[in-house]
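Worksheet: one structure, shown below.
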Amino acid sequence: MEIKAIDSHSHIGYENDEEIVGKNIMMPYLPTFSEYQRLAKKNSVEKVLFAPCTSPMIIDKIRHFTKVYYLWEYVNGKYRYFSEVINNGKIIKGEMSKNPYMEVNVKIFRYLKNLKGEISAEFIPAISLYFDTPDYIEELLSLNIKGLKVHGVSTGLYDLNRVNQDILSLLKKSGVPLVIHTDFVKNPKTPIDYLYSENNPINWLKLLVKNDIKGYLVHGCRLSSECSRIMKDNNGQFLTGISPDILLTNEPERLMVKTDNYLETLFNMFDIEMMAFDLDYNWNYTDRVTYTYDDEQLNRLNKLKLSKNNKEKVLKKNSERFFNL
């Protein structure tokens with residue numbers, strides 16, 4: 001019998017007659033549920049954990065007005081943060097506000113609650129560890145969410161030692177995991193390189209271990225053997241997502257180990273209990289030039305010839321345990 005999978009990390013937005021919500025400012029396509037359903041069916045997904053895209057836009061189609069609440073720039077040796085509106089083609093830069101993802105979270109949470117389909121969806125709100133207030137985090141935690149998403153590169157987390165300690169304390173108390181984008185670059189030279197470097201999975205795991213917080217680290221911890229050791233030493237506290245394997249293979253400079261087969265190397269490096277299946281829609285591209293969608297993740301996983309028990313752990317059981325699904 002076919003094992004039904006849980007997609008432990010993907011992104012979602014929506015469009016109706018009035019607005020477009022959640023399109024990444026850096027991406028060519030809006031992640032839609034209709035497109036996701038096709039991808040999910042191809043990969044035998046029955047449940048998904050959806051987070052907003054990073055740098056999400058809210059586009060008012062009637063007033064021709066676009067809002068982006070969270071952007072960063074590097075000026076005079078410092079990271080600076082700002083919001084932006086586009087009003088009838090005119091770009092207006094504004095100040096950063098507290099809780100910058102609040103409106104996007106509200107709209108997408110409402111949208112997912114009204115979804116009807118064969119796929120069950122949980123919402124993972126996006127947060128900022130620099131600009132969110134503890135009160136807002138408490139409000140999100142009261143919604144019985146399964147996790148909170150942090151993208152340190154898009155949110156300009158240049159120093160993990162400067163994150164809001166009060167928020168970390170709330171996460172420790174709640175037991176709700178952080179879903180964390182991980183990155184890597186060996187020799188940082190540009191402002192975004194330094195963000196890649198600071199947001200490497202080893203730094204994140206050290207922060208989470210220190211504060212006793214659960215973490216789901218995406219992108220296979222960038223193939224870090226040190227992360228495998230840390231995760232093994234802290235049994236059950238962490239999982240790593242395996243996708244998007246083709247894009248990761250095609251960007252070897254963002255991995256800690258050279259490999260011609262990212263997925264095979266990942267499964268040799270990490271214990272089965274440490275990994276979970278995810279699709280990372282709509283980053284499931286083959287490259288950043290053509291932005292061609294890849295929908296063969298499950299087929300490539302099947303080629304690893306896992307035992308039925310191990311395959312079920314990666315596809316479903318590990319995620320059920322970790323996220324209390």
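Could you count how many residues in region 6-23 are outside any strand (DSSP E or B) and at positive phi? Steps first, answer last, please.
We begin by selecting, within region 6-23, every residue outside any strand (DSSP E or B); these are 12-13, 16-18.
With at positive phi added as a condition, the list becomes none.
Within region 6-23, residues that are outside any strand (DSSP E or B) and at positive phi number 0.
If the Cβ limit is 6 Å and pairs must be 6+ apart or interchain, which residue in region 161-178 that is of a type in the set (Ser, Thr, Tyr) pairs with which residue that is buried (at least 17 other Cβ atoms within 10 Å of the Cβ) and assigned to a helix (DSSP H, G or I)?
SER174/LEU141
Please give the number of the condition LYS186 fails out of (1) touching an Asp or Glu at 6+ places or on another chain (Cβ under 8 Å); (2) part of a helix (DSSP H, G or I); (3) of a type in the set (Lys, Arg).
(2)
Consider ILE62 against the criteria (1) surrounded by fewer than 20 Cβ atoms within 10 Å (Cβ to Cβ); (2) not in a loop (DSSP other than H, G, I, E, B): it satisfies all of them except one. Which criterion is unmet?
Exception for ILE62: condition (2).
Do we find a residue being under 26 Å from LEU239 (Cα atoms) and assigned to a helix (DSSP H, G or I) anywhere in region 121-135?
yes
Is it the case that region 292-310 has a residue that's among the hydroxyl-bearing types (Ser, Thr, Tyr) and at pLDDT below 95?
Yes, some residue in region 292-310 is among the hydroxyl-bearing types (Ser, Thr, Tyr) and at pLDDT below 95.
Can you pull out the residues in region 189-206 that are more than 24 Å from CYS53 (Cβ to Cβ) and outside any loop (DSSP other than H, G, I, E, B)?
Start the filter on region 189-206 by keeping residues that are more than 24 Å from CYS53 (Cβ to Cβ), which leaves 189, 202, 205-206.
Once the filter is applied, which keeps residues that are more than 24 Å from CYS53 (Cβ to Cβ) and outside any loop (DSSP other than H, G, I, E, B), region 189-206 yields ILE202, LEU205, LYS206.
Could you tell me which residue of region 220-240 is surrounded by the fewest Cβ atoms within 10 Å (Cβ to Cβ), considering only residues that are under 21 Å from GLY175 (Cβ atoms) and of a type in the set (A, V, I, L, M)?
Of everything passing the filter in region 220-240, ILE230 is surrounded by the fewest Cβ atoms within 10 Å (Cβ to Cβ).
If you take the residues of region 85-104 that are hydrophobic (A, V, I, L, M, F, W, C) and in a helix (DSSP H, G or I), which of them is farthest from SER55 (Cα to Cα)?
The initial filter retains those residues of region 85-104 that are hydrophobic (A, V, I, L, M, F, W, C), namely 85-86, 91-92, 96, 102, 104.
Then drop every residue that is not in a helix (DSSP H, G or I), which leaves 102, 104.
Numbers: MET102: 13, VAL104: 10 Å.
For region 85-104, the residue satisfying everything is MET102.
Can you spot a residue in region 209-222 that is among the charged types (D, E, K, R), in contact (Cβ under 8 Å) with a residue 12 or more places away in the chain and not in a helix (DSSP H, G or I)? Even if it seems obvious, please write down each step before you answer.
Looking only at region 209-222, we keep the residues that are among the charged types (D, E, K, R), and these are 210, 212, 214, 222.
Among the residues that remain, those that are also in contact (Cβ under 8 Å) with a residue 12 or more places away in the chain are: 212, 214, 222.
Imposing the further condition that a residue be not in a helix (DSSP H, G or I) reduces the set to 212, 214.
The answer is yes; a qualifying residue exists.
Please work out which residue is farthest from HIS219 (Cα to Cα), limiting yourself to region 266-283 and to residues that are assigned to a loop (DSSP other than H, G, I, E, B) and without any contact (Cβ under 8 Å) to a residue 60 or more places away in the chain.
ASP271
Regarding region 311-322, can at least one residue be identified that is over 23 Å from GLU2 (Cα atoms) and out of contact with any Gly (no Cβ under 8 Å at 6 or more places or on another chain)?
no
What are the pairs, 6+ residues apart or on separate chains, where a residue within region 182-198 that is more than 22 Å from THR240 (Cα to Cα) has its Cβ under 9 Å from a residue that is of a type in the set (D, E, K, R) and assigned to a helix (DSSP H, G or I)?
Matching pairs, first to second residue: ASN187/ASP193; PRO188/GLU198.
Looking for whichever is part of a helix (DSSP H, G or I) and crowded, with 19+ Cβ neighbours inside 10 Å here; the options are LEU140, LEU157. Which one fits? Full working, then the answer.
Numbers: LEU157 fails: part of a helix (DSSP H, G or I).
Unique residue meeting the criteria: LEU140.
For residues that are in a loop (DSSP other than H, G, I, E, B) and among the charged types (D, E, K, R), scanning just region 298-318, find the one that is surrounded by the fewest Cβ atoms within 10 Å (Cβ to Cβ). Talk me through it step by step, then tell me what you get.
Residues of region 298-318 that are in a loop (DSSP other than H, G, I, E, B), as a first pass: 303-307.
From the residues that got through so far, the ones that are among the charged types (D, E, K, R) too are 303, 305.
Working: LYS303: 12, LYS305: 8.
This residue is LYS305.
Name every residue in region 12-29 that is touching a strand residue (DSSP E or B) at 6+ places or on another chain (Cβ under 6 Å) and touching a residue at least 40 places away in the same chain (Cβ under 8 Å), in order of residue number.
The initial filter retains those residues of region 12-29 that are touching a strand residue (DSSP E or B) at 6+ places or on another chain (Cβ under 6 Å), namely 12-14, 19-23, 25.
Result: ILE12, GLY13, TYR14, GLU19, ILE20, VAL21, GLY22, ILE25.
Which ones in region 97-119 are modelled with pLDDT of 95 or more and aliphatic (A, V, I, L, M)?
MET102, VAL104, VAL106, ILE108, LEU112, ILE119
Checking the conditions here, which among ASP295, ASP260 is in a loop (DSSP other than H, G, I, E, B) and either surrounded by 14 or more Cβ atoms within 10 Å (Cβ to Cβ) or touching an Asp or Glu at 6+ places or on another chain (Cβ under 6 Å) (or both)?
Details: ASP260 fails: either surrounded by 14 or more Cβ atoms within 10 Å (Cβ to Cβ) or touching an Asp or Glu at 6+ places or on another chain (Cβ under 6 Å) (or both).
Just a single option satisfies the conditions, and that option is ASP295.
Of the residues LYS173, LYS210, which single one is under 28 Å from TRP72 (Cα atoms) and either in contact with a strand residue (DSSP E or B) (Cβ under 6 Å, 6 or more places away or on another chain) or exposed (fewer than 15 other Cβ atoms within 10 Å of the Cβ) (or both)?
Values: LYS173 fails: under 28 Å from TRP72 (Cα atoms).
Exactly one residue qualifies, and that residue is LYS210.
The values are calculated or read from the model by the stated rules, or taken from the named source; none is laboratory data. Computed from a predicted structure; not experimentally measured. Cβ atoms come from the backbone with ideal geometry, glycine included; neighbour counts cover every protein chain shown.
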